[in-house]
Structures are given as C-alpha cells and as structure tokens.
Amino acid sequence: MMKKLIAGNWKMNGSLAANEALVRALRDGMGAPACDVALAVPAPYLAQVQALAAGSALALAAQDVSQHESGAYTGECSAAMLRDFAVRYVLVGHSERRQYHGETDVHVAVKAQRALAAGITPIVCVGETLAEREAGQTEAVVRRQLAAVIHLNGHCISEVIVAYEPVWAIGTGKTATPEQAQEVHAVLRAQLAAASPHAAKIRLLYGGSMNAANAAQLLAQPDIDGGLVGGASLKAVDFLQIIAAAQ
Ligand code: PGA
C-alpha cells in the first residue's frame, strides 16, 4: 500500500517562538511515523523550520511559488529559492490563493511546472465552493481544475500530489463526510487513470476541517491517501493524533 502523507498548512500563522515550540513538540511526540509528514510554513520561517526539523521525519513544504523563474516580480518567491531551503513540497492553487489572489487554472499549471522543474513536488489543490456543490457542479469543477495540470511539459502527472479541498469545508468545521470525500476522490482517480498508467500511485489528499476526531475515518477511504490539515496542524497534540491515524 502507498504511504500516506499528512501535510500541515500553517497558513499565515506562527512566530519564531510558537514555531519552535510546535516543531519541538512534533519531533518529540512523533517517533517514527508510518506516514510521510510535511509542514507548509510561511516563507519567512522556512530557514527556521528547516533547522528545527533537521534529522527528523518532518519534511518542509511551502504554501505557494511564483509562476516566474526569477527577476522583477516584487514579493514573489521562486521555486529555486524554495529549493535552497530543501523544500520538498509546495502547495499550488490553494483555494485561498484562487479566491483572494485571482489564481486561475492556467497560473496553477505554470506554478506546478515551475515546482517540478526545480525538483519540488507540487500539491495541487482542487475543490468546489458551496454554491457549486449546490448547483450540482462539483464533479465538473474538480475535473476542470485537475485537467489543467494533467499534461505538464516533460513531466508525468504521477509526479504531482492532488489535494481535494471542498471550499465549504475549509476552516468551517464542516468536514465532508468520508463518503462525500471518497466520491470525489474516485472521480479524480478515474480521471488520472485515463491519463496515466501510474494513477494508482498518485497520492490524493483530503483537506477541509480534518481533525483528530475525524481523520481515521477519512483516511480509511480507499482513495484517500493522506490529509492537508490547516487549523489542526497548529496544535501539536491534534496534529500528532492525525499522524497516528494515518497508518
Ligand atoms: P482547515 O484548512 O483544516 O483549517 O479546514 C485546510 C486547508 O485549507 O488546507
């Protein structure tokens, strides 16, 4: 069976002191986890968390990457810069980037390509809004978002991780039921299978109010290969329980 991945997404939270306490507690409490574990931290803290996580099972992730290679793009971070801090994964097309920063499917595809070219695994986020779900458009929306990254120049889709995050479940405490999540994951798996012989090996994460209480049931679904965890990744006790649930 494929190893699951539990990725914490700190979003715009943290401080030098809080990060140090959190990463130390994770290191102490984690032992040798059965799953892969990553922390997507704010860019200014990459160096700090790289040092704190050294020699542990914690891999470093970034929350975004520039679609440009280098140059006059004030405020942006390039894939090569992330690579300098040994970043293994980068979130691409998180719904908060799509919603508040106008990121389109085209931007998401270019960003995924930039990450791959730098040797960083993109975690491509897809998911429908509540209005789209209520209008019966869930499948069409996630299929369109995934289609944008399915053919990346010189790369195979099997190099990518996909995270299904229903927008209505993010930060709301309203988790998709395991059945609702599995239903969408199966759609994504079928779409990947039509594009790649390696679809069974592509990790499909679920995100959206995953917590210590609901993680085990979500992670038991056949097409859920891990979690992208926001709020609950900021509390060591909760995040450790989610890691323990990912066998
Ligand atoms: P949440 O966030 O776990 O706080 O709902 C998940 C995410 O946005 O990645």
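Bear in mind that the values in this text are calculations on the coordinates, not laboratory data. Since the structure is predicted, the reported quantities are computational estimates derived from the model, not experimental observations. Backbone-built Cβ (ideal geometry, glycine too); neighbour counts: all protein chains shown.
Toward the positive end of the charge dipole of the chain, about the Cα centre and with charges on Cβ (Lys, Arg +1; Asp, Glu -1), which of G207, P178, A25 goes farthest? Positive-most Cα among the choices belongs to A25. Give the distance, in whole Å, between the Cα centre of the range 183-238 and the Cα centre of the range 13-60. Distance between centres, Cα-based: 21 Å.
Compactness check for the range 71-210: Cα Rg over 2.2 N^0.38 Å is 1.04. Rounded to the nearest 20, the size of the Cβ-charge dipole of the range 5-245 about its Cα centre is 260 debye, with Lys and Arg at +1 and Asp and Glu at -1. Mean residue ellipticity at 222 nm, helices only, the chain: -11500 deg cm²/dmol; runs of at least 4 DSSP H residues each add -39,500 (n - 2.57), and the sum is divided by the number of residues. With 0.36 nm allotted per residue and the present C-alpha distance subtracted, the A57-E76 stretch has 4.0 nm of extension available.
Amide H contacts of G8 (H built 1.01 Å from N, in plane; Pro and chain starts excluded): A38, L39, A40, V229 sit under 5 Å, all sequence-distant by 5 or more or on other chains.
Hey, in the GNM for the chain with a 10 angstrom Cα cutoff, which one of S70, S196, S209 fluctuates hardest? Residue with maximal mean-square fluctuation among S70, S196, S209: S70. Each 10 Å bin from zero holds the following percent of Cα-Cα pairs in the range 141-247: 15, 46, 29, 9, 0. Note on the chain: GNM, Cα springs under 10 Å; of V124, V187, V162, the largest mean-square fluctuation is that of V187. Which one, E134, E183, E96, has the greatest fluctuation when you compute a Gaussian network model over the chain with C-alpha springs under 10 angstrom? Comparing E134, E183, E96 in a Gaussian network model of the chain, the most mobile one is E134. Legend: translational diffusion of the range 5-245 by Stokes-Einstein, Rh = Kirkwood radius over C-alpha pairs, 37 °C, 0.692 mPa s; D = 184 µm²/s. The lysines whose alpha-carbon is closer than 23 Å to the alpha-carbon of K11, local same-chain residues fewer than 8 away aside, are K111, K174, K235.
Under the 0.36 nm per residue contour assumption, what length would be gained going from the current alpha-carbon distance of H68 and Q50 to full extension? Spell out each step's value before the answer.
Details: separation 18, 0.36 × 18 = 6.48 nm, distance 2.39 nm.
So the extension gain works out to 4.1 nm.
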